[in-house]
Amino acid sequence: MASNGHYPDYRVFCGNANRPLAEAIAKELGRPLARATVGRFSDGEIQVEIGENVRGLDTFIIQSTSPDANTNLMELLIMIDALKRASAGSINAVLPYYGYARQDRKVAPRVPITAKLIADLIEAAGATRVVSMDMHAGQIQGFFNVPFDHLYAAPVLLEHMRKRFDGSAHDLVIVSPDAGGVERARAYSKRLGAGLGIVDKRRTKPNVAEIMNVIGDVNGKVAVLLDDMIDTAGTLTQAANALVDKGATRVFAYATHAVLSGPAVDRIMKSPIEEVVVTDSIQLAPPAAACPKIRTLSVAGLLAEAIRRIHSADSLSSLFV
C-alpha cells in the first residue's frame with residue numbers, strides 16, 4: 001500500500017555524516033530522502049525536526065558514526081528519538097560505518113568496552129533494528145538485543161578485483177596486514193583463486209605498529225593488502241614496505257572503511273602502494289578525495305537492496321558472497 005499515492009510506506013532519512021551516500025541510496029531506491037532538519041542551536045546543541053508524517057511507517061536512518069564520531073553519533077541518537085516520539089512503526093539504524101568498534105573487549109585493566117556502550121545507546125534511543133557493514137569485530141552483533149544485519153562490501157570489492165586482476169590469479173596474493181584479518185583474506189583468496197599471505201604485526205601502542213615478518217610466498221607476485229578499515233595507514237604502509245622487501249612486484253590495497261585520519265594520506269603517497277581502493281561508507285575528507293592513489297567504490301546499491309528487502313521482509317542471505 002502506498003502512503004501518499006507515490007511511494008511505498010517507508011521513509012529514508014539521513015543525518016549530516018555522509019549525505020552523498022544517502023542520496024545515492026535514495027536514488028537506487030527510486031525515491032527522495034524524507035524531509036528532516038538536522039541543525040544546531042546557538043550553543044551547539046543538535047536540533048532535529050522530522051518534516052513529514054511517519055506514524056506507523058518503516059523508517060531508515062542512514063548515518064555513519066565516522067569522524068566527527070561524537071557529533072554524528074549524537075545526531076543518530078536524536079533522530080532515532082524523534083522518530084520514536086513521532087510513532088514510527090519501525091526505526092532501522094543503517095550505519096555503513098560503526099564507530100568505536102575497535103574497543104570491543106578489555107585488552108588492559110580499567111579500559112571501557114565502547115562498542116557495547118554504543119550498542120546500548122542506540123537501543124535505548126529506540127532503534128528496532130541495526131544494519132552495518134564490515135564490522136571490525138563480528139561479535140559486536142551480539143551486543144544488541146534487537147535484530148542486527150551485518151552486510152559485507154565483498155561483492156563490490158571482489159567485482160573490482162576480478163576486473164583489475166583478470167587472468168592473473170596465479171600471480172596474485174591476498175595479504176592480511178595482521179592476524180585478525182586472516183579469515184577475511186582467506187575468503188577473498190578462495191573466491192579469486194589466489195594465494196594467501198599474512199603480515200605478522202607487533203603493536204607497541206595504539207596507532208603505532210611494528211612489522212616483523214611476512215608469512216607466505218609473495219616473491220615475484222602482485223600483492224593485495226586487504227583490511228576492514230584504514231585509519232592512520234601506519235599498519236598498511238609498513239606492510240606494503242615489508243611485501244616489497246620480500247619481492248612483491250606490485251602492491252595494491254583494498255579496504256571497506258576509509259577513516260584516513262592524521263598522516264594517513266601522506267603515508268599512502270610516500271608508500272609503494274600503487275592504489276588504495278575503498279568504499280564510500282565514510283565520506284572522504286578533501287585531502288583524501290584529492291589523493292591520486294585513492295579510488296572510491298560505491299556501496300549504495302548494496303545498502304539500498306538491503307533496505308528494500310528489510311522493508312518487504314525478504315531474505316538478505318543472497319547479498320552475501
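Values as computed for the structure displayed
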quantity	calculated
Scan of segment 247-266 for residues that are within 16 Å of I282 (Cβ to Cβ) and β-branched (V, I, T), ordered by number	T256, V259, V265
Odd one out for R110 among (1) charged (D, E, K, R); (2) surrounded by fewer than 22 Cβ atoms within 10 Å (Cβ to Cβ); (3) in contact (Cβ under 8 Å) with a residue 24 or more places away in the chain; (4) at positive phi	(3)
Which numbered condition R202 misses (of (1) modelled with pLDDT under 90; (2) part of a loop (DSSP other than H, G, I, E, B))	(2)
The lone exception for Y7 - which of (1) closer than 22 Å to I282 by Cβ; (2) modelled with pLDDT under 95 it fails	(1)
Segment 286-304, residues that are over 14 Å from the mean Cα position of the chain (by Cα) and without any contact (Cβ under 8 Å) to a residue 60 or more places away in the chain	P286, P287, A288, A289, A290, C291, P292, K293, I294, R295
Filter result for M74 (in the same structural domain as F143 (by the TED database), part of a helix (DSSP H, G or I), over 19 Å from the mean Cα position of the chain (by Cα) and of a type outside the set (D, E, K, R))	no
For T235: the one exception among (1) hydroxyl-bearing (S, T, Y); (2) assigned to a helix (DSSP H, G or I); (3) at pLDDT 95 or above	(3)
Scope segment 247-256; condition crowded, with 19+ Cβ neighbours inside 10 Å and over 20 Å from P292 (Cα atoms); matching residues	A248
Only listed residue being surrounded by fewer than 24 Cβ atoms within 10 Å (Cβ to Cβ), under 27 Å from L95 (Cα atoms) and of a type in the set (A, V, I, L, M, F, W, C), chosen from M212, M229	M229
Of all residues making up segment 113-153, the number that are among the hydroxyl-bearing types (S, T, Y) and surrounded by fewer than 17 Cβ atoms within 10 Å (Cβ to Cβ)	1
Candidates A69, A88, A24, A34, filtered to the one that is small (G, A, S) and in contact with a helix residue (DSSP H, G or I) (Cβ under 7 Å, 6 or more places away or on another chain)	A24
Failed criterion for E49 (all others in (1) part of a helix (DSSP H, G or I); (2) touching a strand residue (DSSP E or B) at 6+ places or on another chain (Cβ under 7 Å); (3) of a type in the set (D, E) hold)	(1)
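So that you can scan it fast, the table gives a plain yes or no per residue for (1) crowded, with 17+ Cβ neighbours inside 10 Å; (2) at pLDDT 95 or above; (3) of a type outside the set (G, A, S):
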site	(1), (2), (3)
F60	yes, yes, yes
T65	yes, no, yes
L73	yes, yes, yes
L77	yes, yes, yes
D81	no, yes, yes
S87	no, yes, no
I91	yes, yes, yes
V94	yes, yes, yes
A101	yes, no, no
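The values are calculated or read from the model by the stated rules, or taken from the named source; none is laboratory data. Keep in mind the model is a prediction, meaning the values are calculated, not measured. Please note: Cβ atoms are built from the backbone with ideal geometry, for glycine as well, and neighbour counts cover all protein chains shown.
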